[in-house]
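S.K.: If you scroll down you'll find the structure; I have some questions about it.
The values are calculated or read from the model by the stated rules, or taken from the named source; none is laboratory data. For clarity, every value in this text was computed on a predicted model and none was experimentally measured. Counting neighbours? That spans all protein chains shown, and the Cβs are built from the backbone with ideal geometry, glycine included. For the accessible areas, the whole protein counts, side chains as well, though only heavy atoms, and no ligand, DNA or RNA atoms are used. Shrake-Rupley method; radii C 1.70, N 1.55, O 1.52, S 1.80 Å.
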Amino acid sequence: MNVLCVGDVVGLSGLDEVCSRLPALRREYKADVCIVNGENSDVCGRGITRSGAAALFDAGADVVTTGNHCFFRTRPDTFEETEMLLCPANFPYTSARMGSCVVDLGRARMQVINLSGVAFMEPLDNPFVRFDELYDSSCRFCVVDLHAESTAEKRAFACYVDGRASAVFGTHTHVPTADGQVLPGGTGYITDVGMCGPLQSVIGVVPAQAIEKQRCHTPVRFSVAEGACGLNAVLFTLNDADGRCTAVRQILLP
Ligand SMILES: [Fe+2]
């Protein structure tokens, strides 16, 4: 069982990049399931539209996850209505259906849970406790997208769910980390998958705008940088018999 997890899609150029490459990627890596974080795929790089999510599903995404920008361009009830489009399940008043789903693989089921970190982020509900509430041990596979700023929070979470989740992949920082591994209990883990967006940018944003904000601390309206995009993803190989991860492979495409 191969699960392809694609990092944060940034802007319309990132969306086009993922949609054009995903079918071939699925074939090349023999992906049985594909999860894409579409958190930044609208024209401004903040949020996801209905049409953006539809494009990702059409291109081959089984599940589309989001993060802190989930409600910027999409109403909460859209997540309630769209089974495989997820927002972080630890937003207050978020139902289990909005933040988790089950992929029916015929011979087995895979639960996918989307959570947000709380360190250096909005004070949402506790992601560790929310996982405990949502985790369905009757599903052979469980994959978590933890959309979080803090590397320590992501790592601690993965250790917490080691042996229950098949895989935990971090998103949000847009920078791929080089720490993919299988934890002792059989959970595949990477702190951050990275992004699918413009290469010559500051995590997707026009560099001059990011410099102005950082140097002068003045309010700046960010826009998505132009130019060629890269695609970052991770492939988790899971044991069909027990759901445990056997390999974590990073995919970094220019
Ligand atoms: Fe984010």
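S.K.: Within segment 10-28, identify whether any single residue is closer than 24 Å to C142 by Cα, small (G, A, S) and open to solvent by less than 10 Å² (accessible area, probe 1.4 Å), and answer yes or no.
M.R.: No, the conditions are met nowhere in segment 10-28.
S.K.: Also, I was wondering about something else. Are there any pairs, at least 6 apart or on different chains, whose C-beta atoms fall under 6 Å, with the first in segment 114-137 and in contact (Cβ under 8 Å) with a residue 12 or more places away in the chain and the second hydroxyl-bearing (S, T, Y), and if so, which?
M.R.: Filtered contacts from segment 114-137: N114/T65; G117/S150; A119/S150; F120/S150; L124/S116; F128/Y160; L134/S100.
S.K.: Step by step: first the residues of segment 86-105, then only those that are in a loop (DSSP other than H, G, I, E, B) and among the small types (G, A, S), then the one that is surrounded by the most Cβ atoms within 10 Å (Cβ to Cβ). Which residue is that?
M.R.: The residue in question is A89.
S.K.: Same structure, new question: Return yes when V33 is under 15 Å from the mean Cα position of the chain (by Cα) and under 19 Å from S166 (Cβ atoms) and no when it is not.
M.R.: So V33 fits the description; yes.
S.K.: Given the conditions (1) touching a strand residue (DSSP E or B) at 6+ places or on another chain (Cβ under 9 Å); (2) farther than 26 Å from G11 by Cα; (3) open to solvent by 20 Å² or more (accessible area, probe 1.4 Å), report the number of the one that P176 does not fulfil.
M.R.: In the conditions (1) touching a strand residue (DSSP E or B) at 6+ places or on another chain (Cβ under 9 Å); (2) farther than 26 Å from G11 by Cα; (3) open to solvent by 20 Å² or more (accessible area, probe 1.4 Å), P176 misses (2) alone.
S.K.: Of all residues in segment 59-84, which are open to solvent by 30 Å² or more (accessible area, probe 1.4 Å), within 20 Å of F169 (Cβ to Cβ) and touching a helix residue (DSSP H, G or I) at 6+ places or on another chain (Cβ under 8 Å)?
M.R.: Residue satisfying the conditions is M84 alone.
S.K.: Of the conditions (1) open to solvent by less than 10 Å² (accessible area, probe 1.4 Å); (2) closer than 30 Å to N239 by Cα; (3) in contact (Cβ under 8 Å) with a residue 60 or more places away in the chain, L56 fails just one. Which one is it?
M.R.: Of (1) open to solvent by less than 10 Å² (accessible area, probe 1.4 Å); (2) closer than 30 Å to N239 by Cα; (3) in contact (Cβ under 8 Å) with a residue 60 or more places away in the chain, only one is false for L56: (3).
S.K.: Next question, about the same structure. If A158 satisfies all but one of (1) touching a residue at least 40 places away in the same chain (Cβ under 8 Å); (2) open to solvent by less than 30 Å² (accessible area, probe 1.4 Å), what's the number of the condition it fails?
M.R.: (1)
S.K.: While we're here: Test each condition in (1) open to solvent by less than 50 Å² (accessible area, probe 1.4 Å); (2) more than 16 Å from the ligand (Cβ to nearest atom); (3) touching a helix residue (DSSP H, G or I) at 6+ places or on another chain (Cβ under 6 Å); (4) within 26 Å of G227 (Cβ to Cβ) for V43 and report the one that comes out false.
M.R.: Among (1) open to solvent by less than 50 Å² (accessible area, probe 1.4 Å); (2) more than 16 Å from the ligand (Cβ to nearest atom); (3) touching a helix residue (DSSP H, G or I) at 6+ places or on another chain (Cβ under 6 Å); (4) within 26 Å of G227 (Cβ to Cβ), V43 violates only (1).
S.K.: Restricting attention to segment 5-35, and to residues there that are closer than 20 Å to V205 by Cα and touching a helix residue (DSSP H, G or I) at 6+ places or on another chain (Cβ under 7 Å), which single residue is nearest to the ligand (Cβ to nearest atom)?
M.R.: Among those that are closer than 20 Å to V205 by Cα and touching a helix residue (DSSP H, G or I) at 6+ places or on another chain (Cβ under 7 Å), it is V9.
S.K.: Can you tell me how many residues in segment 42-52 are within 16 Å of T78 (Cα to Cα) and in contact (Cβ under 8 Å) with a residue 24 or more places away in the chain?
M.R.: So the count comes out to 6.
S.K.: For segment 125-142, state whether one or more residues are in a strand (DSSP E or B) and either buried (at least 20 other Cβ atoms within 10 Å of the Cβ) or not small (G, A, S) (or both).
M.R.: Yes, segment 125-142 contains at least one residue that is in a strand (DSSP E or B) and either buried (at least 20 other Cβ atoms within 10 Å of the Cβ) or not small (G, A, S) (or both).
S.K.: Separate question: Take the conditions among the small types (G, A, S), more than 23 Å from R26 (Cα to Cα), within 16 Å of the ligand (Cβ to nearest atom) and touching a strand residue (DSSP E or B) at 6+ places or on another chain (Cβ under 9 Å) and apply them to G67. Does it pass?
M.R.: yes
S.K.: Looking at this structure, is S201 of a type outside the set (A, V, I, L, M), touching a strand residue (DSSP E or B) at 6+ places or on another chain (Cβ under 7 Å) and either touching a residue at least 60 places away in the same chain (Cβ under 8 Å) or open to solvent by less than 50 Å² (accessible area, probe 1.4 Å) (or both)?
M.R.: No.
S.K.: Out of the residues in segment 155-209 that are assigned to a helix (DSSP H, G or I) and among the aromatic types (F, W, Y), state the one that is nearest to the ligand (Cβ to nearest atom).
M.R.: The selected residue is F157.
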